[in-house]
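Here is the structure we will look at.
The values are calculated or read from the model by the stated rules, or taken from the named source; none is laboratory data. As the structure is a computational prediction, the values presented were derived from the model and not from experiment. FYI the Cβ positions are ideal-geometry reconstructions off the backbone, even for glycines, and counts take in every protein chain you see.
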Amino acid sequence: MNALPSIVVDSASKRFTIRHARSIKDMTVRAVRRQSLSESFNALDEVDLTIHQGETVALMGVNGSGKSTLLKLISGVLSPDSGSVRVRGRIAGLIDVGAGLHPELTGRENVFLNGAILGMDEAEIRRKFDAIVEFSGVERFLDSQVKFYSSGMFMRLAFSIAAHTEPDIFLIDEVLAVGDPPFREKCLARIRQLRDEGRTMVIVAHDIQMLIKLCDRGVMMRGGRKIFDGDVAEAGAMWKEDRQARRQGKDPGKDSRKESGKDSGKEPVLGPAKETGAAGESSAASEGAAPASSGGTGER
Ligand SMILES: Nc1ncnc2c1ncn2[C@@H]1O[C@H](COP(=O)(O)OP(=O)(O)OP(=O)(O)O)[C@@H](O)[C@H]1O
């Protein structure tokens with residue numbers, strides 16, 4: 001492939017700690033029973049991934065396999081504990097529930113605030129304002145605070161702002177599960193348009209058939225590890241198997257998840273993604289803003 005790399009994830013690991021004891025009473029009970037107070041695990045385990053400019057990649061895997069964590073590393077909302085994540089260009093992400101739009105502000109104010117977070121200057125936002133509002137279909141509620149919006153309206157506005165930033169890299173996590181079918185079709189058409197313009201896309205969605213149609217590559221996650229990277233239909237078949245196993249009460253990630261977290265020591269290729277700690281206000285791009293807006297959830 002001649003295209004430049006847009007995203008280079010190099011042996012990236014991310015560890016989370018789950019605290020079992022929430023109160024002094026809990027701590028005492030667990031201590032008496034000689035149970036641990038917390039437990040840490042690798043949500044992502046030495047993941048390597050290079051995505052070239054113009055590729056449309058489906059990120060697949062059952063709940064908890066690490067897809068969202070990987071998208072958050074790419075967007076810069078989180079930084080890896082070890083390894084590195086490099087990105088090139090302006091990133092727009094719809095990757096975190098509630099992030100990106102401020103509940104106390106009106107839809108109109110959010111277009112300006114989120115547009116700015118997503119890297120647009122005021123003149124660009126003003127130029128695109130009508131198109132953003134028209135696409136979102138929330139005209140009538142533009143001067144209401146977004147905390148009064150339905151989850152569908154919220155997503156429509158968040159998607160519309162992000163999709164109009166003309167991002168080099170567009171990260172989408174489950175937004176297509178929210179909203180009505182006509183709006184979903186509109187989003188898909190916009191995603192296809194961005195794809196056809198040669199933008200890099202990484203998409204998490206629960207609809208395997210849609211991903212197979214939309215994407216030219218599938219990356220399959222299991223237990224925080226990348227277990228497959230290639231033909232999107234093949235990745236989709238693996239995902240279906242894992243979903244089936246999960247439904248039968250098995251844990252497909254059990255054997256994949258292991259303790260690790262050493263530095264890769266390899267040379268970085270692109271600019272580093274910075275951790276901001278605040279979903280929706282990140283800047284991960286080496287050559288532009290890298291925000292994360294909002295996304296939905298669902299069984300996948
Ligand atoms: N902030 C956090 N603190 C502790 N554990 C976390 C945190 N974020 C994610 N996890 C855990 O890390 C693992 C991977 O989560 P992640 O959200 O990346 O998976 P996913 O494949 O996107 O799942 P889903 O499809 O449910 O969104 C899960 O076990 C999840 O519970």
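Of everything in region 18-28 that's of a type outside the set (D, E, K, R) and over 34 Å from the mean Cα position of the chain (by Cα), which residue is nearest to the ligand (Cβ to nearest atom)? Talk me through it step by step, then tell me what you get.
Taking region 18-28 first, the residues of a type outside the set (D, E, K, R) are 18, 20-21, 23-24, 27-28.
Now drop any that are not over 34 Å from the mean Cα position of the chain (by Cα), which leaves 24, 27-28.
Working: 24: 22, 27: 19, 28: 24 Å.
Taking the candidates together, the pick is 27.
Among the residues of this structure, residue 195 does not count as one that is more than 20 Å from residue 54 (Cα to Cα), in a helix (DSSP H, G or I) and away from the ligand (no atom under 16 Å from the Cβ). For region 173-192, filtering for residues that are outside any helix (DSSP H, G or I), of a type in the set (Gly, Ala, Ser) and within 15 Å of the chain's Cα centre (by Cα) leaves 0. When region 127-155 is filtered for residues that are touching a Phe, Trp or Tyr at 6+ places or on another chain (Cβ under 9 Å) and either buried (at least 24 other Cβ atoms within 10 Å of the Cβ) or of a type in the set (Val, Ile, Thr) (or both), the ones remaining, listed by number, are 136, 138, 146, 155. Starting from region 196-213, keep only residues that are under 10 Å from residue 176 (Cα atoms), then list their pairs with residues that are in a helix (DSSP H, G or I) and modelled with pLDDT of 90 or more whose Cβ atoms are within a distance under 6 Å, requiring at least 6 positions of separation or different chains. Taking only residues 6 or more apart or on different chains, the pairs are 204/67; 205/211.
Cβ-Cβ contacts under 7 Å between residues 6 or more apart (or on different chains), taken from a first residue in region 143-172 that is in a helix (DSSP H, G or I) to a second residue that is of a type in the set (Asp, Glu), are listed as 147/104; 152/180.
Cβ-Cβ contacts under 8 Å between residues 6 or more apart (or on different chains), taken from a first residue in region 17-40 that is of a type in the set (Lys, Arg) to a second residue that is in a strand (DSSP E or B), are listed as 19/38.
Kindly indicate whether residue 71 is under 13 Å from residue 9 (Cα atoms) and in contact with a Gly (Cβ under 6 Å, 6 or more places away or on another chain). Outline the logic, then answer.
Details: under 13 Å from residue 9 (Cα atoms): yes; in contact with a Gly (Cβ under 6 Å, 6 or more places away or on another chain): no.
Against the criterion (under 13 Å from residue 9 (Cα atoms) and in contact with a Gly (Cβ under 6 Å, 6 or more places away or on another chain)), residue 71 does not qualify.
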